[in-house]
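Structure, as structure tokens:
Throughout, read-outs are computed from the coordinates displayed, never taken from laboratory work. Values in this document were obtained by computation on a predicted structure and should not be read as measured data. With ideal geometry, Cβ positions are generated from the backbone for all residues, glycine too; neighbour counts draw on all protein chains shown.
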Amino acid sequence: MTAKTSDALVTVHEEDALGVITLRRPERRNAMNRDLISQLIAATAQVSDNDALRAVIIEADGDTFSVGADLNEVTAVLKPPSMLRARKEAELGGQMMRSIRDIHQPTVCALQGVATGGGACIAAACDFRVGAADCQAGLGEVRMAMNLMWHALPYFVDLLGPARAKQMLMSGALFPASTLASWGFLDETCDRQALALTVRTLAGRFVDLPPVAVQMIKRSINRYAQALGESVMHMDHDQWLLTASSADFQEALLAFSEKRKPNPQGQ
């Protein structure tokens, strides 16, 4: 078992054959800064390399799964010493998504409260998702005049189909658990009090199955489903750097800080 330290934003512990990764920044609603993302990448490598684990759960401390990228760091990324460094910094989220997708064992994500932006992306990169009945998920990047990055777009198209993916990505809205379940984004829903048990029950279905076969099937399905996405999404961080240089992005940031509706002008 890995103990939590004062600076640990992500922890890993074992529950028999289950590995449990926990986001631990509840005071910021698990907003994802560089340290949290880097620790999550390290955690995925740790559980994936552990042959004693047959399934992996990703969950979050607090009432909210994650509100996505920490906007305080988003603005900092846009003031690097060079464009070269900006592009490298912008690639970190894509590395995180691949690290979750490529965990050898089956993965189950537990969603409570809100999962938006990068939080919803983490869920989409997992094999299965269980949501509390009152949870909501969405992608609010468009409201900040940004495209969806982290190479995440294909995950949502694969899960939802083009029309529903467009609803989720282009509206910036939060969708309730009932809608997410009917769309196939959530595999199961349950009462909030039963979330931990429901997630562990789903993950436990894989514990007694032959692990080599399970993991080979998972890898083959992922590679087949995401072959096109791997080839076309390599520049989404460059698209983000472009959108983040727009006047609409600056207006969205200002409106967010002033708690008002933004007034985009297409500039």
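Roughly speaking, what is the centre-to-centre gap between region 208-236 and region 131-148 when only Cα atoms are used, to the nearest Å? Each part's Cα centre sits 24 Å from the other's. Charge dipole (Cα centre; +1 on Lys/Arg Cβ, -1 on Asp/Glu Cβ; no other charges) of the chain amounts to roughly 460 debye.
Within the chain, C121, C135, C190 have no other Cys Cβ under 4.7 Å of their Cβ and so lack a disulfide-compatible partner by this rule.
What is the order of C126, C135, C121, fewest Cβ neighbours within 10 Å to most?
The most exposed by this proxy come first: C126, C135, C121.
Each principal axis of the Cα cloud of region 74-225 was evaluated for its coordinate range; sorted largest first, these ranges are 51, 34, 28 Å.
Using C-alpha pairs below 8 Å separated by at least 6 residues, the relative contact order for region 143-267 is 39 percent.
Give me R25, R192 ranked fewest to most by other Cβ atoms within 10 Å of their Cβ, as a rough exposure proxy.
With the sparsest Cβ surroundings first, the list reads R192, R25.
Rounded to the nearest 20 debye, the dipole size of region 46-173 about its Cα centre is 520 debye, using +1 on the Cβ of Lys and Arg and -1 on the Cβ of Asp and Glu. Cβ-to-Cβ counts within 10 Å put S38, S245 in ascending order as S245, S38, the fewest first.
With contacts taken as Cα pairs under 8 Å and at least 6 residues apart, region 18-59 reaches a relative contact order of 70 percent. Within the chain, the whole DSSP H helices whose Cα atoms reach 15 Å or more along their own axis and whose mean Kyte-Doolittle score is at least -1.0 are 34-48, 211-225, 247-258. Work out, in µm²/s and without decimals, the Stokes-Einstein translational diffusion coefficient of region 223-267 at 10 °C, 1.306 mPa s, Rh from Kirkwood over C-alpha pairs. The Stokes-Einstein estimate is 127 µm²/s. When the charge dipole of the chain is built from unit charges on Cβ atoms (+1 for Lys and Arg, -1 for Asp and Glu) and taken about the Cα centre, the candidate among P264, N30, A145 whose Cα reaches farthest toward its positive end is P264. Dipole of the chain computed with +1 at Lys/Arg Cβ and -1 at Asp/Glu Cβ about the Cα centre; of G131, A86, A115, farthest Cα towards the positive end is A86.
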